[in-house]
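Written out below as structure tokens is the structure these notes cover.
The values are calculated or read from the model by the stated rules, or taken from the named source; none is laboratory data. For clarity, every value in this text was computed on a predicted model and none was experimentally measured. Heads up, the Cβs are rebuilt from the backbone with ideal geometry, glycines too, and the neighbour counts pull from every protein chain shown. Just so you know, the surface numbers come from the protein's heavy atoms only, side chains and all, with ligands and any DNA or RNA stripped out. Shrake-Rupley method; radii C 1.70, N 1.55, O 1.52, S 1.80 Å.
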Amino acid sequence: MLVDFILTCIWRMAASRTRGRPGHALGHYADLIEGRLFGPGEGCDPAVFIESFEIDDGEGAPLVIAVLPSPANADRGSWHFIVSGLRFVVDFTGLFGIGLERANSLAFVSIDRGALRSVDEVDGLRQSLERMSLPRRRPSSAKPGF
């Protein structure tokens, strides 16, 4: 069920960002994910890894943050996302988690709490956080909501 949850998060992000065409973001991995989640189909059982991934809030405490699924490498064979201090990684290639224990068939996932990471250790995170803190600009034709 954990693998299905993680694949669903990735598939849903891809579907929502591409107007219902997750294959545009996931490539042929979309068909594999859909086969597993929705059947019938070939399906897949990619390696899943979970690790502690806490970002320093600037005052020495973990920042409570979620980062949308995104490719972990250029060929889009691995995807990852962060939810409140946990990083979930799906690897379709078998190359990403060499030496790490797969969480796929574990009844209990042991996660060692790692050291807090700096915002600058995660590519693009500082820029994303800065953009999120800017006031949103409405299109000029938008009517104010009540």
Next item on the list: Check Phe88 against each of (1) touching a His at 6+ places or on another chain (Cβ under 8 Å); (2) surrounded by fewer than 14 Cβ atoms within 10 Å (Cβ to Cβ) and name the one condition it does not meet.
Entry: (2)
Next item on the list: Return the only residue of Leu37, Leu2, Leu7 being in contact (Cβ under 8 Å) with a residue 60 or more places away in the chain and open to solvent by 20 Å² or more (accessible area, probe 1.4 Å).
Entry: Leu2
Next item on the list: With the condition kept exactly as written, say whether any residue in the stretch 63-76 is surrounded by 14 or more Cβ atoms within 10 Å (Cβ to Cβ), basic (Lys, Arg) and under 16 Å from the mean Cα position of the chain (by Cα).
Entry: yes
Next item on the list: Could you identify the single residue in Gly58, Gly43, Gly20, Gly94 that is in a loop (DSSP other than H, G, I, E, B), open to solvent by less than 40 Å² (accessible area, probe 1.4 Å) and either in contact with a helix residue (DSSP H, G or I) (Cβ under 6 Å, 6 or more places away or on another chain) or on the phi > 0 side of the Ramachandran plot (or both)?
Entry: Gly43
Notebook entry, point to check: Yes or no: Ala30 touching a Leu at 6+ places or on another chain (Cβ under 9 Å), among the small types (Gly, Ala, Ser), surrounded by 18 or more Cβ atoms within 10 Å (Cβ to Cβ) and modelled with pLDDT of 90 or more?
Noted result: no
Item checked: Count of residues meeting criterion [touching a helix residue (DSSP H, G or I) at 6+ places or on another chain (Cβ under 9 Å) and not in a loop (DSSP other than H, G, I, E, B)] in the stretch 61-79 -> 6
Checklist line | Leading residue by the ranking (modelled with the highest pLDDT) among those in the stretch 90-126 that are among the acidic types (Asp, Glu) and within 28 Å of Asp4 (Cβ to Cβ) | finding: Asp91
